[in-house]
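Note sheet for the following structure.
We did not get these values from a lab; they are worked out from the coordinates using the rules stated. A quick note: this is a predicted structure, and the numbers were derived from the prediction, not measured. Here Cβ is always computed from backbone atoms with ideal geometry, including for glycine, and neighbour counts include all displayed protein chains.
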Amino acid sequence: MADSPDDRHPRPDEEQEVMPATKTRPGGIGRTVFYILLASLALAAIAWLALEIWAYGGSPAP
């Protein structure tokens, strides 16, 4: 069984490889996540603007 408690932890007789934290970090500094969040915010603003134009652009208020 692969998920048994014995398989999750390394055995004492096995040598463990020590890696620096910067090498194990995925994706660098996080600019990719920032760009995705920025693009989502821009798309949400465009959708909101389109909804405002569509909702209030038909007939003038009395």
Between I53 and F34, what is the label-to-label distance in nm when each label sits 7 Å out along the Cα-to-Cβ direction?
3.0 nm
Linear extension gain, E14 paired with A45, 0.36 nm per residue minus alpha-carbon span:
5.8 nm
